[in-house]
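Undergrad: Following this message is one structure expressed as structure tokens.
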């Protein structure tokens, strides 16, 4: 043991708590999506494409908070199911863009409905009056870490 170095309770560190919450939410979301054979990364891609038009693998990964490799794997599965289509970028010859099909857009909406219960469960013990404040604080934290967060709560400050 190193003298003078105390080990603190990890739950005193916000990063540890957020990581625990993230892991638990991921498991719950994966379980909720199992009936439609989607992963949380695939749902994220479908939602981002449904809202933002054609996007590259790298941009989808950035917006979804995953590695480009994870996103590439997710997109390959979606493409096999004809939920997304790929096409060359109009101006960047080596970049490939993806767009969502109507079936993919439909599944994105259905998937969001399927995971709504996970969100409700996560917030069940939070006072309804504090939920918006918690959401805003989390968005501010995400923005401070350089994550691509576009939300009216951040832009209205």
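Undergrad: Does region 77-97 hold any residues that are at pLDDT 95 or above and either closer than 26 Å to residue 139 by Cα or surrounded by 14 or more Cβ atoms within 10 Å (Cβ to Cβ) (or both), and which are they?
TA: The answer is 77, 78, 79, 81, 83, 84, 85.
Undergrad: Okay, moving on. Just wondering, is there one or more residues in region 98-106 that are surrounded by 11 or more Cβ atoms within 10 Å (Cβ to Cβ), touching a strand residue (DSSP E or B) at 6+ places or on another chain (Cβ under 6 Å), assigned by TED's automatic domain parsing to the domain that holds residue 50 and assigned to a helix (DSSP H, G or I)?
TA: Scanning region 98-106, I find at least one residue that is surrounded by 11 or more Cβ atoms within 10 Å (Cβ to Cβ), touching a strand residue (DSSP E or B) at 6+ places or on another chain (Cβ under 6 Å), assigned by TED's automatic domain parsing to the domain that holds residue 50 and assigned to a helix (DSSP H, G or I), so the answer is yes.
Undergrad: For residues that are without any contact (Cβ under 8 Å) to a residue 60 or more places away in the chain, out of contact with any helix residue (DSSP H, G or I) (no Cβ under 8 Å at 6 or more places or on another chain) and part of a helix (DSSP H, G or I), tally how many sit in region 51-68.
TA: Residues that pass the stated criteria total 2.
Undergrad: Let me ask something else. Kindly indicate whether any position in region 10-20 is out of contact with any helix residue (DSSP H, G or I) (no Cβ under 9 Å at 6 or more places or on another chain) and surrounded by 12 or more Cβ atoms within 10 Å (Cβ to Cβ).
TA: Checked against the condition, which is being out of contact with any helix residue (DSSP H, G or I) (no Cβ under 9 Å at 6 or more places or on another chain) and surrounded by 12 or more Cβ atoms within 10 Å (Cβ to Cβ), region 10-20 yields at least one hit.
Undergrad: In addition: Would a scan of region 125-143 turn up a residue that is in a loop (DSSP other than H, G, I, E, B), modelled with pLDDT of 90 or more and under 17 Å from residue 21 (Cβ atoms)?
TA: Yes: region 125-143 contains one or more residues that are in a loop (DSSP other than H, G, I, E, B), modelled with pLDDT of 90 or more and under 17 Å from residue 21 (Cβ atoms).
The values are calculated or read from the model by the stated rules, or taken from the named source; none is laboratory data. Model, not experiment: these values are computed from the prediction. All Cβ positions, glycine included, derive from the backbone under ideal geometry; neighbour counts span all protein chains shown.
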